[in-house]
Amino acid sequence: MSAETEVAAGYRASRTLPLRVEALRQWRRRRTLVMGGVLAALPFILMIAFAVGGGPGGGPRGGDGRITLIDTATASGANFAATCLFVSAGFLLVVPVALFCGDTVASEASWSSLRYLLASPVPRARLLWSKLVVALGFSLAAMVLLPVVALAAGTAAYGWGPLKLPAGGSLAAGDTVPRLALAVAFVFVSQLVTAGLAFWLSTRTDAPLGAVGGAVGLTIVGNVLDAVTALGSWREFLPAHWQFAWADALQPQLEWGGMIKGAAVSVSYALVLFALAFRGFSRKDIVS
């Protein structure tokens, strides 16, 4: 029997598991709503902390006495949004990326529904592509949600004005939103390596917690290695080394060097990990 006669009439692999269907399935997951609630609540938690503590400048500064971004948090809504991004970029924003990308395939395997999706029939590459695009979309939405809520809440509480820079000077109010958007875009790109790691682990295990926890754990290991100054210039090959390069977008003169290097490192790792995920999954024996 020829390949053409084995395919059902009207069947098109490109129409299986549409993105809107996968997005709706992921949106209805409890972990999506919980993560969104946590990110939306963080700015208000910080506002309460500043109110109780008498303002961000009331605490001790660094050993050199310099003003930090946190010290300027209540100067304007833009400063508050930048502060929320600063305190969350190092770890909190890693969690939704690892969660959405690490849970997406492994959860189907843990529910024993993965083989039924493939028997629909959904081609393996199509299934992974749909899940990856939706997972990255939700990860981006999580990263946008936090600064947007922070900017709105901060503007209501502290007013709209220029972005006061810790080193002195300020950015005009009209320039703050584009600069913050650039900073968020870089944070997302820098987290692609975490997304790739979580997604690859999700195709290798039936335990969602293992994929998510493994991605978060290895990201923490990267942060620890970056703190080892004895590694010298080798640290530049670690994605964690560039995780705060987005701060260059909030300078009077926009600096691209660190962000370009960081993006190149992160994208390179991510492409390799995504390729490993697709290659391994195409040959995997699906039994759950």
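Here are some notes:
- Where a residue in region 162-185 is over 17 Å from M143 (Cβ atoms) and its partner, wherever it lies, is of a type in the set (G, A, S) and surrounded by fewer than 14 Cβ atoms within 10 Å (Cβ to Cβ), with Cβ under 7 Å and at least six apart: P162/A172
- Hits in region 221-234 (condition: open to solvent by less than 70 Å² (accessible area, probe 1.4 Å) and either over 15 Å from T194 (Cβ atoms) or in contact with a strand residue (DSSP E or B) (Cβ under 6 Å, 6 or more places away or on another chain) (or both)): V228, L231, G232
- The single residue among L182, L218 that is assigned to a helix (DSSP H, G or I), open to solvent by 50 Å² or more (accessible area, probe 1.4 Å), hydrophobic (A, V, I, L, M, F, W, C) and under 17 Å from L93 (Cβ atoms) turns out to be L218.
- Taking every residue in region 119-146 that is buried (at least 22 other Cβ atoms within 10 Å of the Cβ) and pairing it with any residue that is among the basic types (K, R), at least 6 positions away or on another chain, the pairs with Cβ-Cβ distances below 9 Å are V134/R25.
- Residue match in region 81-94 (condition: under 24 Å from T203 (Cα atoms), part of a helix (DSSP H, G or I) and open to solvent by less than 40 Å² (accessible area, probe 1.4 Å)): yes
- Reported count of residues in region 26-68, each being open to solvent by 30 Å² or more (accessible area, probe 1.4 Å) and at pLDDT below 85, is 14.
- Region 235-258, subset touching a helix residue (DSSP H, G or I) at 6+ places or on another chain (Cβ under 9 Å) and free of Cβ contacts under 8 Å to residues at least 12 places away in the same chain, residue most open to solvent (accessible area, probe 1.4 Å): W256
The values are calculated or read from the model by the stated rules, or taken from the named source; none is laboratory data. Everything numeric in this text was worked out from a predicted model, so none of it was measured. Neighbour counts run over all protein chains shown; Cβ positions are idealised from the backbone, glycine included. In case anyone asks, the SASA skips ligands and DNA or RNA and just uses the protein heavy atoms, side chains included. Shrake-Rupley method; radii C 1.70, N 1.55, O 1.52, S 1.80 Å.
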